[in-house]
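The values are calculated or read from the model by the stated rules, or taken from the named source; none is laboratory data. None of the values given here were measured: they were computed from a predicted structure. SASA here: full protein model, heavy atoms, side chains in, ligands and nucleic acids out. Shrake-Rupley method; radii C 1.70, N 1.55, O 1.52, S 1.80 Å.
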Amino acid sequence: MNNGASATSPHNSFQTHFLDIHEVLPEDEEEEGVIKMEDNKVTSSKKGLQKPIKLRELKRPQRSFNRQVSLETGFSVLGVESKAEDEKKVLRRSGRSFGGFDSANRVGAEARKGDFNIFRTKSTLSKQNSLLPTRKEKEMENQRAEGATGLNEPVNKSVPVGRYFDALRGPELDQVKDSEDILLPKDEIWPFLLRFPINCFGICLGLSSQAVLWRALSTSPATKFLHVTPFINLSLWLLALATLISVSITYLLKCIHYFEAVKREYFHPVRVNFFFAPWVVCMFLAIGLPPMLEPAKLHPAIWCAFMGPYFFLELKIYGQWLSGGKRRLCKVANPSSHLSVVGNFVGAILASKVGWIEAAKFLWSIGFAHYIVVFVTLYQRLPTSEALPKELHPVYSMFIAAPSAASIAWGSIYSEFDGCSRTCFFIALFLYISLVVRINFFTGFRFSVAWWSYTFPMTTASVATIKYAEQVPSVLSKGLALCLSFMSSTMVSVLFVSTLLHALFWKTLFPNDLAIAITKKRLVKEKKPFKKAYDIKRWTKQALTKNNSGDKEFNGENKVV
């Protein structure tokens, strides 16, 4: 009996121990630590060793599932427990920004797809959100990841304008600096719509302005000796119209599927000005309408349809400049800001063609007032108080767009190229000449779609020169008009051929748009430099001199006493 009792007592104690383990598992970590200590005492029995291991393994698939869900939602909790503290502070230069994720850490194709879902429109993610964890689980994951990374902030929050200048470089602020990391992978091709920038409307600007130029060349008395056929104007007008329709449809699809990326382009200090471009292109097409298609008089509804959205958008932008907030003019001013001013003069030209002279005068006044402010701000370098780097030199061509358009608009309103028109024209001509003599400003840069936006200022200056040659006919004025028109058309032809080559043959027209994937805050923490040997010597010398001076003062006080 004693032997039987002794045999059963360990068994009963083992059963009680097993029940305690099963009941304590859902409780706090402190009690689990006590159970682990008790497990070490029971390691002699094989049955007792196997069951706790199975219970502990039940928790691991849940954590791996949470990690997969975090990849779909864009939060980084991977590596909180297993990685060292140094890897939490400094991101790897893999270009993935999610705590240093690389392809080895990805699970299947769904994780790969999740990288781009953070920029998708919220309505397209409604079905995916039903599979995500509850709000409480998300909050707990965010709290865990908060100490490791700073990526748990919502992507759809507006990025401060100063962040774009700090993180980006290049002629159009489209290149990420080496010290920065981004939200999307660099080593794989993004979806086409996500790579399609709003800068593509610059192509439409260049082609539509060329239609206006060749209309002037074929109808102006100053260039009648050239005998330019109007079919060139017709073909360019149709090409510009087709380009505008295709670019507009593509960007509309981007707004539908990747609206978060569109919002980031709107907050971009350079690209926000290209949101004016579609309406300027429409007004250019109305002004450059071929004579064989042009009615006796344009209907005022055309002007209202094109100028209305432009006017409401400039109320928003000019209000930000005037209010003195974070997006004030001295903070965001760049040569592309002239795009938000030129449309007023183009709208004034169209208003005069439909017969609304007072509306044309109103727009001309608004455009000229803001042109002076933008010109002075950029001329004095108020945003940085430094000279523009070499990469930003091509944008100097935007300086000649506004005064050229202003001279044409004034002549169209008053039906005469009088003193005010000539003043604006001479300003544009001087800026044009000052850029031509510095030809090195425009060499040594890679091709980009944004280069198309530099063609329409040259075209506008050519049209203004033709108008001046009509008022002041001479060999010099006609030769200048012919020279500037040839330079403008040559530039557009070269860019058109380059665009076709990059799009059809080299497939490099639309690279990954890294500018929209920057983080709201800089994630890579800079390491404090170690003190060098001479710094340590200097520090020890200072300490010794302080001690010696203190001893001398103390000894002097003793002598006085």
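Look at where the Cα atoms of region 183-239 and of region 241-296 average out, and the two centres are 12 Å apart. Measuring only protein heavy atoms, the 1.4 Å probe finds Lys467 accessible over about 80 Å². Among the listed pairs Lys177/Lys331; Lys224/Lys361; Lys254/Lys521, a Cα-Cα separation exceeding 28 Å is found for Lys224/Lys361. Summarise the long-distance tail of P(r) for region 201-264 by giving the % of C-alpha pairs beyond 14 Å. Summing the P(r) tail past 14 Å for region 201-264 gives 63 percent. All Cα-Cα distances of region 192-510, cut into 10 Å bins from zero to the largest, leave 6, 27, 37, 24, 6, 0 percent in each bin in turn. Taking all protein chains as shown and a probe of 1.4 angstrom, Ile439 keeps an accessible surface of around 100 Å².
The residues Arg195, Arg271, sorted by heavy-atom accessible surface at 1.4 Å with ligands and nucleic acids left out, run Arg195, Arg271 from largest to smallest.
For His227, His257, His502, His268, the ranking by accessible surface with the largest value first comes to His227, His257, His502, His268, using a 1.4 Å probe. Here the Karplus curve 6.51 cos²θ - 1.76 cosθ + 1.60, taken at θ = phi - 60°, turns the phi angles of region 261-268 into couplings of 5, 5, 4, 5, 5, 5, 7, 5 Hz, with x standing for Gly and Pro. Dividing the alpha-carbon radius of gyration of region 205-311 by the rule-of-thumb value 2.2 N^0.38 Å gives 1.26.
When Met491, Met283, Met458, Met292 are compared by accessible area of protein heavy atoms, the largest-first order is Met292, Met491, Met458, Met283, using a 1.4 Å probe. What the phi angles of region 292-308 give under the Karplus curve with 6.51, -1.76 and 1.60, with θ = phi - 60°, is a coupling list of 6, 9, 6, x, 4, 8, 5, 6, x, 5, 5, 5, 5, 5, 8, 7, x Hz, glycine and proline written as x.
For region 231-239, the Karplus equation 6.51 cos²θ - 1.76 cosθ + 1.60, evaluated at θ = phi - 60°, returns couplings of 5, 5, 4, 5, 5, 5, 5, 5, 5 Hz by residue, with Gly and Pro reported as x.
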